[in-house]
Amino acid sequence: MKIAILKERRDGETRVAATPDTVKKLIGAGHEIRIEKGAGANASLPDPLFEAAGAKLGTLAATLKGADAVFAVRTPDDATLEKLPKGCLLVGLLAPHGNKDRAKALAAAGINALAMEFTPRITRAQAMDALSSQSNLAGYRAVIEASQIYRRAFPMMMTAAGTVAAAKAFVMGAGVAGLQAIATARRLGAVVSATDVRPASKEQVASLGAKFIAVEDEEFKAAETAGGYAKEMSKDYQAKQAELVASHIAKQDIVVTTALIPGRPAPKLITKAMVESMKPGSVIIDIAAAMGGNCELTKPDEIVEHDGVSIAGFTNLPGRLAADASSLYGRNLVNLTPLLVDDDGGLAPHWDDEIITGMALTRDGKVVHETLK
Ligand code: NAD
């Protein structure tokens, strides 16, 4: 099939949905790859590298001409969507949760859309799971960003002039991003603790050498959904959790928050009063900023200073590692591609496969995802 890769037009999006390596793999599997000129510029992937890999480079119009599928990082803007050929398959991080209007618009435009966010959490789909590949990088980058903002060192240092104390880091939400944040903070020498509402995370946190802190009541024991995600906790649980966090957070230097509940606003875990209890110079990196933030004071894409505490609300941390993020995302797409074609390599999504069923937003002019109808 003919696959088009476009330049990402959303504000601040630096990633691209293919790399020379993934282009070679797709061409090797018999596909034709067209890439819009400059698509990889912000990910340190200049056009000649794509050309050398066998892609055809061109304008937006030339790239889209006759395309069977468009592989994107984010949903293309409205002007670009209008140019997609009717019947074309769009695959990307389409921010589908609750976005009924967008789903309707895609259906009306005759675009068959698959949302990478809805990749089922089953073993067979792991290599296609873009939320995991991107969250992992976000967790790493969050700690690197914290280390830049923090005006002290992370590791303990014993010097002739005296001892520098190790930073205390607290990770809230120990999923894919949180576990990588724990590992990164540990590698830098911080003393790390973490919390989550899913019992499965307790052992994972401990195995990375961090201390696990949580309200472990009956509700905690049942907080994980069959899909591996967290449930929204009751008001009663939230109150108990806030009490525990309040006493712990006052002693922390670095806090990385990653807590998310699919399709819901991010739970508010850090209040203004908690921020005010922290020492001046402390840093909060709120990975949940794009979903409203885990801290009351977070502002998207700003570093807010409050009583000497810095609260950073980066909404696209993987985009701050655009080369690696594009490489892993591109491989997620390569791994998905066999489910999009027939034996001859022509466009023929396996609509009855549970992975494609789970990801499908629209098909043949209709919204098909249960949550968006
Ligand atoms: P996520 O990004 O949806 O949420 C991040 C973390 O926040 C989760 O661990 C969640 O439990 C936690 N959280 C939610 N509400 C909270 C609260 N009030 N307080 C504290 N923490 C809270 O989750 P994720 O990182 O995408 O993954 C969650 C789980 O799914 C992980 O265990 C991961 O290993 C698993 N997973 C499985 C597969 C697979 O089997 N294919 C793929 C990816 C992830």
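Just so you know, all these numbers are worked out from the coordinates, no wet-lab data involved. Keep in mind the model is a prediction, meaning the values are calculated, not measured. With ideal geometry, Cβ positions are generated from the backbone for all residues, glycine too; neighbour counts draw on all protein chains shown.
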Check: For segment 1-79, what is the relative contact order in percent, using Cα pairs closer than 8 Å and at least 6 residues apart in sequence?
Finding: 44 percent
Notebook entry, point to check: Between Ser207 and Val304, 0.36 nm times their residue separation minus their Cα-Cα distance comes to what?
Noted result: 31.6 nm
Next item on the list: Could you sort out which of Lys168/Lys240; Lys104/Lys231; Lys168/Lys279; Lys2/Lys37; Lys7/Lys100 sit more than 19 Å apart by Cα distance in this structure?
Entry: Lys168/Lys240; Lys104/Lys231; Lys7/Lys100
Next item on the list: Taking the Cα centre of segment 159-288 as origin, sum charge times position over the Cβ atoms of Lys and Arg (+1) and Asp and Glu (-1), and report the length of that vector in debye to the nearest 20.
Entry: 320 debye
Notebook entry, point to check: Cα-based Rg (one decimal) and Dmax (whole number) for segment 237-327, in Å?
Noted result: 13.5, 41
Note to self: Limiting things to C-alpha atoms, what are the Rg and the maximum Cα-Cα separation (Dmax) for segment 35-156, in angstroms?
What the structure shows: 18.3, 60
Margin query: For the chain, take every pair of Cα atoms, bin their distances at 10 Å starting from 0, and report each bin as a whole percent.
Written below: 5, 23, 30, 22, 14, 5, 1, 0
Next item on the list: State the extension gain, in nm to one decimal, for the chain segment bounded by Lys86 and Gln126, taking 0.36 nm per residue of separation less the distance between their alpha-carbons.
Entry: 11.4 nm
Margin query: Between segment 64-81 and segment 118-157, how far is it from one alpha carbon centroid to the other, in angstrom?
Written below: 28 Å
Check: Taking the alpha-carbon centroid of each part, what is the distance from segment 328-373 to segment 246-270 in angstrom?
Finding: 34 Å
Next item on the list: Using only Cα atoms, figure out Rg for segment 150-199 and give it as a multiple of 2.2 N^0.38 Å.
Entry: 1.33
Notebook entry, point to check: Quick one: of the DSSP bridges fully inside the chain, what percent are antiparallel, nearest 5?
Noted result: 25 percent
Checklist line | Shape of segment 230-289, Cα gyration tensor, a/c cut at 1.5 | finding: oblate
Check: Based on Cβ point charges of +1 for Lys and Arg and -1 for Asp and Glu, what charge dipole magnitude is obtained for the chain about its Cα centre, in debye rounded to the nearest 20?
Finding: 480 debye
Notebook entry, point to check: Per-residue HN-Hα couplings for segment 195-205, Karplus 6.51 cos²θ - 1.76 cosθ + 1.60 at θ = phi - 60°, whole Hz, x for Gly and Pro?
Noted result: 9, 7, 9, 9, x, 4, 6, 4, 5, 5, 5
Notebook entry, point to check: Per 10 Å bin, what percent of the C-alpha pairs of segment 219-373 does each bin hold, from zero upward?
Noted result: 9, 26, 28, 21, 11, 4, 0
Next item on the list: Once every Cα of segment 1-102 carries one equal point scatterer and solvent is ignored, give the base-10 log of I(q)/I(0) from the Debye formula at q = 0.12, 0.18 Å⁻¹, two decimals.
Entry: -0.36, -0.80
Next item on the list: Extending each Cα 7 Å along its Cβ direction at Ala95 and Asn335, get the distance between those two points in nm, one decimal.
Entry: 2.6 nm
Notebook entry, point to check: How long are the three semi-axes of the equivalent ellipsoid of segment 136-225, in whole Å, if each is the root of 5 times an eigenvalue of the C-alpha gyration tensor, listed from largest down?
Noted result: 28, 14, 9
Checklist line | Cross-link reach list, aspartates and glutamates versus Lys235, counting only Cα pairs under 19 Å and skipping chain neighbours closer than eight places | finding: Asp196, Glu216, Asp217, Glu218, Glu219, Glu224, Glu243, Glu296
Next item on the list: Quote the charge dipole size of segment 153-221 about the Cα centre in Debye, to the nearest 20; the model charges only the Cβ of Lys and Arg (+1) and of Asp and Glu (-1).
Entry: 360 debye
Check: How would you classify segment 28-80 from its alpha-carbon gyration tensor, with a ≥ b ≥ c the square roots of the eigenvalues: rounded for a/c under 1.5, else prolate if a/b is greater than b/c, otherwise oblate?
Finding: oblate
Next item on the list: Please label the shape of segment 94-147 as rounded, prolate or oblate, based on the square roots a ≥ b ≥ c of the eigenvalues of the alpha-carbon gyration tensor (a/c under 1.5 means rounded; beyond that, a/b larger than b/c means prolate, else oblate).
Entry: oblate
Checklist line | Simple label model, 7 Å out from Cα along Cβ direction - Thr59 to Glu243, nm | finding: 6.7 nm
Margin query: Defining a contact as two alpha carbons under 8 Å apart and six or more residues distant in sequence, what relative contact order in percent does segment 255-363 show?
Written below: 18 percent
Checklist line | Relative contact order (%) - the chain, alpha-carbon pairs under 8 angstrom, separation at least six | finding: 19 percent
Item checked: Listed residue (Thr195, Thr22, Leu321) projecting farthest to the positive dipole end of the chain, Cβ model -> Leu321
Margin query: If R₀ is 22 angstrom, what is the calculated FRET efficiency for the pair Ala79 and Lys104, using the beta carbon separation as r and rounding to 0.05?
Written below: 0.75
Next item on the list: Quick one: net charge around Val367, please, counting Lys, Arg +1 and Asp, Glu -1 for every other residue with C-beta under 14 Å from its C-beta.
Entry: +3
Check: Short version: ³J(HN,Hα) in whole Hz for each residue of segment 95-112, in order, from phi by Karplus 6.51 cos²θ - 1.76 cosθ + 1.60 (θ = phi - 60°), x for Gly and Pro, what are they?
Finding: 6, x, 3, x, 8, 5, 5, 5, 4, 4, 5, 5, 5, 4, 7, x, 9, 8
Notebook entry, point to check: Put a dot 7 Å past each Cα toward the Cβ at Lys235 and Lys279; how far apart are the dots in nm?
Noted result: 3.7 nm
